[in-house]
Structure formats: C-alpha cells, structure tokens
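The values are calculated or read from the model by the stated rules, or taken from the named source; none is laboratory data. Just so you know, these numbers come straight off a predicted model, no measurement behind them. So basically every Cβ, Gly included, is an ideal-geometry build from the backbone, and we count neighbours across all protein chains shown.
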Amino acid sequence: MAKRGLQQINAGSMADIAFLLLIFFLVTTTMDVDTGLMRRLPPIPDKDQKQNDDKIKQRNVFVVLINKNNDLLVENEVMDIHDLREKAKEFIANPEDKPDLPEKDYKEIPFFGRVYVPKNPIISLQNDRGTSYGTYLMVQNELLAAKNELRDEISTQKFNLKYEDLDEDQQAAVKQYYTAVLSEAEPKNIGGNK
Amino acid sequence: MSRFKKKGGKELSAINTASLPDIVFMLLFFFMVTTVMKEVDLKVNIRLPEATEAKKLEKKSLVSFIYIGKPGERFQKLFGTEPRIQLNDQLMQVKDVEDFIAQERDAMNESDQSKMSVSLKVDENTKMGVVTDVKQALRRASALKINYSSLKVDKLK
C-alpha cells in the first residue's frame, strides 16, 4: 500500500458538500432590514425643577389629541388623519404670517442670510391609554413628514438638492430654518380607564 | 444556412462541471458572510404599522429590542390574549424593562453605552397604555434613544 504514490483526493463529492452547506445558509439567512422612526424621549424631569410650560404662548403650540376611539382633535377641531400633514406644514412654516399661527422673527442663518421664520413652534401630542398604537404611529409619521417635506422644499429651492443629499453644514442650516419641537405630554390617567 | 445543418452532426458533449464547486463555494461564502441568525424566538404576534418616514436602523449590535403584542396561539392558554411584553426570549412585565435595559447596557462596551438605542416592535392593534408604560420605564432607565419599528412604504393607505 505504502509503495503506491500519494493518491489524489477524490474531489467529486466536494460539490455536494458545498451544496449542502449552501442550502443550509440559504434557509437560515434573513435579509430583512429593520426600519423605523427614530425618536428621542425626554429625560425624566427633576423633582425640584420648576414647571415653566405656562410661559409658552397659545399661538406657538399645535395641539394634537388622540382619543381612545382613534379620533383626532387638532387645535380644537376634529380632523381626518389625511389632513394632518397639510395643517402641520402650515403651522410650522406660517407662510402668510397669520396671527393665530407661530410668531415669526428675523434670524441669521448661514447660507440663507437674514430670514423671517417662525421662532419656536411646538407640536404637542397627547394620547389616551386606549389609543391604538397604529394610529399613534401614523400621527407621529404625519408630523415628521410635515417637517421633512418643508425641509425638502426649502433645500430644493436653495441648493437644488433633497435635504438628505446636503452636506452637514447645509443640513444644519436647513434645520435652523424650520425648527419644530415635537413634545409629548407627560402621561396622565384621566378617567381611570385602562 | 450552414449553421442549422450542423445540428445532429456531432454528438452533444457533456458540460464540464469541474468549476461547479468553485461557483457553489462562491455563493456559499456570500451567504455565510451576509447571514444573520435569528436570535430570538417570537412568542408574541406582531404586525408592524406602516410609515413613510421610516429610516434604516444602523448598527444592529447597539440596538436592543422590545416586542409588544398578543401572545401567540401556543401561549394563549398560559398568558391570555392581552398584549404582553417580550424581552429576549421571555414574556415579562413592565417592571422588568428597567432591569433588562441595565443588563443590555452592561453587556456593551463602555464606549458604546451612550450610543445604545432601543427598538420597539409593537403590534399596530396594541393599546397605547402598555406602550406608554414601557416608554416611562425607558425614561427611568435613561435609555432615551428609541426607534418605533415600522415598515417603510411609499404611501399610506
């Protein structure tokens, strides 16, 4: 036996083995990408920190309420969710300088120079414990979409590019142009419903 | 015309399969590299809501997942049909969320701890009550970067 020269390993079954492994990985692999809405929660307020929400003027706040039947009350009007985006856009930009929409002021912004923009509009979102998560997320999405659309509009106007394609400095400038803080009310348990 | 006449003239030679293993190995390596093993076994049923503004979730290793939804059919006898919270592989309560976050944070590199984020995978029919409780727990655990997991669509229904 030893006298014979070193034999070549039979590689014929190599393909079969590889196929087997290949099929295993094909089956176990998951290609799905996770997508979602990024948000930041506010930190828990200090106990001795003073409440200062009474200083904010009514016109600077855009109140969105969702009840347990998933109905929307926006600025004291019942509204369909499909109209929310337009309404929110009007609030954030206040193009006609209406007295019941956010106060505007002159602001120095790089690239844009001196512009007349709303000072600090706040969107306040409040929901019931019985609201369904789907509706809640849809509202979040619409409000975010309103902001993103406005930013896209202004960056296409100025740089002829979408907001996403701008460089960092430009993005920061556009961000300053339209600021809107989305604040969620501290949960309250009204009516004790579950 | 002569092209067609050749047909049948010569016998069809077998395809050379010597390079087949190489091709298969190439595919194999591709799948081995891209594969991500499913790490959790879902005990709750989740149908994610849709959103147009959804962004891709970066750096999966820095993300912890919290699943909220109705227990799957196999578990309904044990846990009922009320929405429950799943952390890792177990159905847990709201009070366990803080511990879970602390645990996840400890498992990370110190430099990454500040970049930690939490992805909430919540069924769209869940009531906000339980979600609000979880959000409050996350605030107490100071895990403030969260991500509402949703499917990216171009237009809402």
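General observations
- Any chance residue B:45 is surrounded by fewer than 18 Cβ atoms within 10 Å (Cβ to Cβ), in contact with a strand residue (DSSP E or B) (Cβ under 6 Å, 6 or more places away or on another chain) and among the polar types (S, T, N, Q): yes
- Residues of segment A:171-194 classified as in a loop (DSSP other than H, G, I, E, B), within 12 Å of chain B (Cβ to nearest Cβ) and either at pLDDT 80 or above or touching a strand residue (DSSP E or B) at 6+ places or on another chain (Cβ under 7 Å) (or both), total: 1
- Residue match in segment A:160-170 (condition: surrounded by 15 or more Cβ atoms within 10 Å (Cβ to Cβ), within 14 Å of chain B (Cβ to nearest Cβ), of a type in the set (Asp, Glu) and not in a loop (DSSP other than H, G, I, E, B)): no
- Filtering B:135, B:59 for residues that are within 13 Å of chain A (Cβ to nearest Cβ), out of contact with any Ser or Thr (no Cβ under 8 Å at 6 or more places or on another chain) and at pLDDT below 85 leaves a single hit, B:59.
- Of the helices (runs of 4 or more DSSP H) lying entirely inside segment B:50-157, those containing at least 1 residues that are within 25 Å of residue A:71 (Cα to Cα) and in contact (Cβ under 8 Å) with a residue 60 or more places away in the chain are B:128-140.
- Any hit, segment B:117-132, residues being more than 8 Å from chain A (Cβ to nearest Cβ), surrounded by fewer than 19 Cβ atoms within 10 Å (Cβ to Cβ) and among the hydrophobic types (A, V, I, L, M, F, W, C): no
- Of all the numbered requirements in (1) in contact (Cβ under 8 Å) with a residue 40 or more places away in the chain; (2) surrounded by 15 or more Cβ atoms within 10 Å (Cβ to Cβ); (3) on the phi < 0 side of the Ramachandran plot, residue A:74 misses one, and that requirement is (1).
- Filtered residue count, segment B:71-90, keeping only those that are surrounded by 18 or more Cβ atoms within 10 Å (Cβ to Cβ) and under 25 Å from residue B:141 (Cα atoms): 5
- Screening residue B:54 against (1) of a type outside the set (Phe, Trp, Tyr); (2) surrounded by fewer than 19 Cβ atoms within 10 Å (Cβ to Cβ); (3) touching a strand residue (DSSP E or B) at 6+ places or on another chain (Cβ under 8 Å) leaves a single unmet condition, (2).
- For segment A:90-118, a residue qualifies if it is exposed (fewer than 13 other Cβ atoms within 10 Å of the Cβ), in a loop (DSSP other than H, G, I, E, B) and either hydrophobic (A, V, I, L, M, F, W, C) or touching an Asp or Glu at 6+ places or on another chain (Cβ under 9 Å) (or both), and the qualifying residues are A:96, A:98, A:100, A:110.
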